[in-house]
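Below you'll find the structure, written out as structure tokens, and then a few comments.
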Amino acid sequence: MRYYLGIDIGTYESKGVLVDAGGNIVASAARPHKMLVLQPGWAEHRPREDWWGDFCFISNKLIADSGVAPADIKAVAASAIGPCMLPVDADDEPLMNGVLYGVDTRAAKEIAELTERIGEDMLLSRCGNALTSQSIGPKILWLKRNRPELYEKTAKILTSTTYITHKLTGRYVIDHYSAANFSPLYDVNTLSWTDELADDIIGLDKLPEAIWTTEIAGTVTPEAAAETGLAVGTPVTCGTIDAGAEALSVGVLDDGDMLLMYGSTIFIIEITPVRVPDARLWYAPWFFPGKHAAMSGLATSGTLSHWFRDQFARELDPATAVMALALEAEGSPPGANGLVMLPYFSGERTPIHDTEAKGVLFGLDLTHTRGDIYRAVFEGIAYGTHHVFETYADVGQPPKAILAAGGGTKNRVWSQATSDVSGRTQIVRQKTVGASYGDAFLAALAIGDVQPGDIRDWNPVDHQITPDAGLAELYARRYRVFRELYARNKDLMRGLA
């Protein structure tokens, strides 16, 4: 029997699956970790403990629980939160915690300076992206300016999957899909690193080699085998960002297919026939040559739910708190009894790209309950998601099919509000494990055991989430308030920064 191992390192939890040749999950495992917020606007992980430590724990557990012989695992693929910025020294040792994706807004000054110097039009033309908190180039420049002693010791700048793949194989690689987030250091026209737009950030020799997502990076070394339980010589793919792997896991393949990933953040990927040069969205080459991805994401989604639980439900059993709060939210009517929330608790990413945006809860009176506020959290995220959908329509790329994935698909208030607010149907497939399942498919794909379209046989459709037309007018009114709250108060928000 042939098996494929996929492991994904998420914001708060890592997950892994062992999958057989028919796409059946024979073992699964998970391990939690924390996102470190050492000061407002910062978000970090510990690379040794949270990235490599989780990978080793899950790999060993999958092998032990399944009873599968390591030699029968024919390929391995990893994904992780991204894009991240991790400097390592000449001995491959991390010099600091990994700086996370767009939720980390520490480089706002560098973003503004580089944008002014290079020009937004040039950035869009050469990099396919405006500079935002998602961009790695400004974060490297932040490192140079604020941690010069670490910058001087830096031999390589890695993202999360580069670190894991290097630990497995000894090779420093990054897929083109991830590399496009290193603006202004990656040219989407030549699919290569460049310092022509900014030669003062980092030497290009300190960046990993860019290859395609489905390429084999190398094989498991004896040292990695001892730590992971995998067989020496097992092929390892390049690795990718979690959202990309999750998109593939639910069959996002064709032009107009859109992933809606419910996780710590909302993340959206749409496959487009051409590159979409719009500053409100992100661009990257897709997993396969000639394919394009238009991406977007909110800054806080599931993270906001975690925050609410920790701050306002401390008396509840942590093991059942999420379920109890969900029942309270279901007891509040659509529209949350007049509450509207701006979910900008860590600034906001697409489409407004405002690191100084603030969270707002509007409409409170003494009759409101915790359940009303908790429903308002999810409806606020739904309004933000609808704002993104409108942006895709504005650029001429409305989605043809929305494929929902992630833990939020099991949250009835959140997922239904998203359809009701947007008026769009969501398709949910049978397996909602997420990125780790996509990783397992990528592992099989990389060694030629499957073709891209086989994912739809591995993971058929389970059900659809359809909008309630009777709520369209109610949510349209609330959405107008949502947009006005930000438009009228963004200058005040900057005054609080």
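So for the chain, taking the charge dipole from beta-carbon charges (+1 Lys/Arg, -1 Asp/Glu), which of ALA245, GLY406, TRP282 sits furthest toward the positive end?
GLY406
For the ranges 165-175, 103-113, 270-280, what's the packing order if you count other beta-carbon atoms within 10 Å of each residue, average per peptide, and put the highest first?
165-175, 103-113, 270-280
Can you compute log10 of I(q)/I(0) for the stretch 378-456 with the Debye formula, treating each Cα as one identical point scatterer, at q = 0.11, 0.21, 0.24 Å⁻¹?
So the normalised log intensities are -0.39, -0.98, -1.09.
What area, in nm² and to one decimal, does the C-alpha convex hull of the stretch 276-354 cast on average over all directions?
So the Cα hull casts an average projection of 8.0 nm².
I need the calculated FRET efficiency for the pair GLU209 and GLN430, taking r as the beta carbon distance and R₀ as 25 Å, to the nearest 0.05.
It comes to 0.10.
Excluding same-chain residues fewer than 8 positions from LYS490, which lysines have a Cα within less than 21 Å of its Cα?
The qualifying lysines are LYS109, LYS358.
Can you work out the FRET efficiency for the pair VAL461 and MET122, with r the C-beta to C-beta distance and R0 = 41 Å, to the nearest 0.05?
0.45
Which Cα, out of THR159, ILE211, ASN181, lies furthest along the positive dipole direction of the stretch 140-255 (beta carbon charges, K/R +1, D/E -1)?
Farthest towards the positive end: THR159.
Compare the peptides 305-317, 185-197 by average per-residue count of other Cβ atoms within 10 angstrom and give them in order, highest first.
So the order, starting with the most tightly packed, is 185-197, 305-317.
Calculate the dipole size of the chain relative to its Cα centre from +1 charges on Lys and Arg beta carbons and -1 charges on Asp and Glu beta carbons; express the result in debye to the nearest 20.
Around 740 debye, computed over the chain.
Please give the contour-minus-distance gain from ASN24 to VAL232: 0.36 nm per residue of separation, less the Cα-Cα distance, rounded to one decimal in nm.
72.4 nm
Quick check: residue separation of ILE447 and LYS34 times 0.36 nm, minus the Cα distance between them. What number comes out in nm?
Contour length minus the Cα-Cα distance gives 145.3 nm.
Semi-axes, largest first, in whole Å: what does sqrt of 5 times each Cα gyration tensor eigenvalue give for the chain?
Three semi-axes, in Å: 33, 27, 22.
When the helix-only estimate is applied to the chain (DSSP H runs of n ≥ 4, each -39,500 (n - 2.57), divided by the residue count), what is the mean residue ellipticity at 222 nm, nearest 500 deg cm²/dmol?
Taking each H run of at least 4 residues, the total per residue is -10500 deg cm²/dmol.
Only Lys, Arg, Asp and Glu count, each charged at its Cβ (+1, +1, -1, -1), so figure out the dipole size of the stretch 398-497 about its Cα centre, rounded to 20 debye.
Roughly 580 debye, rounded to the nearest 20.
Whenever you get a sec, compute what percent of the accessible area on the chain sits on carbon and sulfur atoms (1.4 Å probe).
Solvent-exposed carbon and sulfur of the chain make up 51 percent of the total.
Could you state the accessible area per residue of the stretch 21-179 in Å², with a 1.4 Å probe and every protein chain left in place?
35 Å²
Determine by what factor the alpha-carbon radius of gyration of the stretch 127-256 differs from 2.2 N^0.38 Å, reporting the quotient.
1.15
Among DSSP beta bridges whose residues both lie in the chain, state the antiparallel percentage, nearest 5.
Rounded to the nearest five, the antiparallel share is 70 percent.
What net charge do the residues around ALA393 carry, taking every other residue with its C-beta under 14 Å from that of ALA393, with Lys and Arg at +1 and Asp and Glu at -1?
-1
Going by average Cβ neighbours within 10 Å, how do the peptides 237-246, 129-138, 411-420, 451-460 rank, with the highest at the top?
237-246, 129-138, 411-420, 451-460
Using the Cα centre as the reference, give the magnitude of the dipole from point charges on the C-beta atoms of the stretch 300-393 (Lys, Arg: +1; Asp, Glu: -1; all else neutral), rounded to the nearest 20 debye.
80 debye
Once label points are set 7 Å from the Cα along Cα→Cβ at both GLU152 and LYS109, what is their separation, rounded to one decimal in nm?
In this crude spin-label approximation the distance works out to 2.0 nm.
Which lysines, if any, have their Cα less than 30 Å from the Cα of LYS291, not counting same-chain residues under 8 positions apart?
The qualifying lysines are LYS15, LYS74, LYS139, LYS156, LYS167, LYS206, LYS400, LYS431.
The values are calculated or read from the model by the stated rules, or taken from the named source; none is laboratory data. As the structure is a computational prediction, the values presented were derived from the model and not from experiment. No Cβ is skipped: glycine too gets one built from the backbone with ideal geometry, and neighbour counts run over all protein chains shown. Quick note on the areas: whole protein, heavy atoms, side chains included, nothing else; ligands and nucleic acids left out. Shrake-Rupley method; radii C 1.70, N 1.55, O 1.52, S 1.80 Å.
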